[in-house]
1. Tell me, please, whether a residue that is of a type outside the set (F, W, Y), out of contact with any Asp or Glu (no Cβ under 8 Å at 6 or more places or on another chain), open to solvent by less than 20 Å² (accessible area, probe 1.4 Å) and at positive phi can be found in region 184-192.
2. Here's a check for you: in region 178-211, which residue that is among the hydroxyl-bearing types (S, T, Y) and in a strand (DSSP E or B) is nearest to the chain's Cα centre (by Cα)?
3. Would you confirm whether any residue within region 222-241 is touching a helix residue (DSSP H, G or I) at 6+ places or on another chain (Cβ under 6 Å), within 19 Å of A68 (Cβ to Cβ), in a loop (DSSP other than H, G, I, E, B) and modelled with pLDDT of 70 or more?
4. Of the residues that sit in region 42-67 and are assigned to a helix (DSSP H, G or I) and buried (at least 19 other Cβ atoms within 10 Å of the Cβ), which one is farthest from the chain's Cα centre (by Cα)?
5. Output the residues belonging to region 1-20 that are open to solvent by less than 50 Å² (accessible area, probe 1.4 Å) and not in a loop (DSSP other than H, G, I, E, B).
6. Under 9 Å by Cβ, and 6 or more places apart or on different chains, what pairs join a residue from region 126-153 that is in a loop (DSSP other than H, G, I, E, B) and at pLDDT below 95 with one that is of a type in the set (D, E, K, R) and crowded, with 16+ Cβ neighbours inside 10 Å?
7. Is one or more of the residues making up region 91-98 closer than 21 Å to L204 by Cα, open to solvent by 20 Å² or more (accessible area, probe 1.4 Å) and within 24 Å of the chain's Cα centre (by Cα)?
8. Within region 244-255, identify whether any single residue is surrounded by fewer than 16 Cβ atoms within 10 Å (Cβ to Cβ), at pLDDT below 95, over 17 Å from A41 (Cβ atoms) and in contact with a Lys or Arg (Cβ under 9 Å, 6 or more places away or on another chain), and answer yes or no.
Amino acid sequence: MAEETRCVLRLYGAPQGRLAAAVARFAPQWRAEAQWKCRGAETLLAVHADTPSGLKKAAQSLRSSFGADVYGAGDTSLAAAAVQALEAHDRLLACGDAAAGALLEARLEKVPGAEKVYDFGTMSYADAKTGPQIEKRARAKLGGEGDKPEPVRLALARAQAARRIVGTELAVACAERESDHVLVLSAKKGCWLRTVPAADNAALWLLDMIRRAAAGLPQAEGTGFLPAGQASPNTPQDEAKPRPKKKKHPLRVLLAVLLLLALAALGGGWYLTGGDFAALPERLKALRLPEWITLWQAHEPKPGARLI
């Protein structure tokens, strides 16, 4: 059977401006070339080489250039790649609200093995008992924001509550706004957030965030992160504010410098005289120091002198 000399790599979230530069790095001896097609944030890279070894080296070069942006090859879908990452790293996924559930379930319901890593809402937001518990804990975290809390804060609180109540490693939520969606992915170490325009495919972005988080890969450019200590629904806006700079006190600095100089002079005198500071003038004379250093000795009273 002849070895393959063609392959297709699938990327998501890769900067399109880097594609031409990555292909230009192919070595001439590989005799390889590539063409690509972009659909939103997804890119299909078709690679062809004259020999199987040239194809292998070209594909490895592209994988090295794009790293975590490469989610699969051939006919692999992003949903299948997300499920594979969850299974391979023993991660379970829960959902904190119906908005995120609607984005995921349409993509995952036909993926084999998806039910092993995702509950499709049956143990989280859609469950008659667990769903109200998630909502209650989320709104309790928001404090006094009333019946209409800020959507992003609510989504953040729901994702965190779902992960803790259901007991999964990852949980998602979605804040639907008029012009965009804000996707939230909660993990033990913090939360990732990404704003996706309404015209873009929020479901694919959410699947890509899950895939990367499950595999421990860096998120795509433009995805923000709130560490666990800062990922409180009550503080994300406050944390974004720059901390006030401490006021400087020049007088304190000057006094500290003078104190250090005095201590240094005291230590030097102690070293030269062995603690007998009365012998300091004689010791300085013996050292034959420059005249400007011992100028004060010219005015030293001599024996038998009379002060005027």
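The values are calculated or read from the model by the stated rules, or taken from the named source; none is laboratory data. Just so it is clear, the structure is predicted and the values come from calculations on it, not from any experiment. A quick note on method: Cβ atoms are made from the backbone with ideal geometry, for glycine too, and the neighbour counts reach across all protein chains shown. For accessibility, only protein heavy atoms count, side chains too; no ligands or nucleic acids. Shrake-Rupley method; radii C 1.70, N 1.55, O 1.52, S 1.80 Å.
1. Yes.
2. If we take residues in region 178-211 being among the hydroxyl-bearing types (S, T, Y) and in a strand (DSSP E or B), then S186 is nearest to the chain's Cα centre (by Cα).
3. For region 222-241, residues touching a helix residue (DSSP H, G or I) at 6+ places or on another chain (Cβ under 6 Å), within 19 Å of A68 (Cβ to Cβ), in a loop (DSSP other than H, G, I, E, B) and modelled with pLDDT of 70 or more: absent.
4. Checked region 42-67; the qualifying residue farthest from the chain's Cα centre (by Cα) is G54.
5. C7, L9, R10, L11, Y12, L19
6. What qualifies is E145/R139; E145/R153; P149/R139.
7. Yes.
8. Looking for residues that are surrounded by fewer than 16 Cβ atoms within 10 Å (Cβ to Cβ), at pLDDT below 95, over 17 Å from A41 (Cβ atoms) and in contact with a Lys or Arg (Cβ under 9 Å, 6 or more places away or on another chain), one finds none in region 244-255, hence no.
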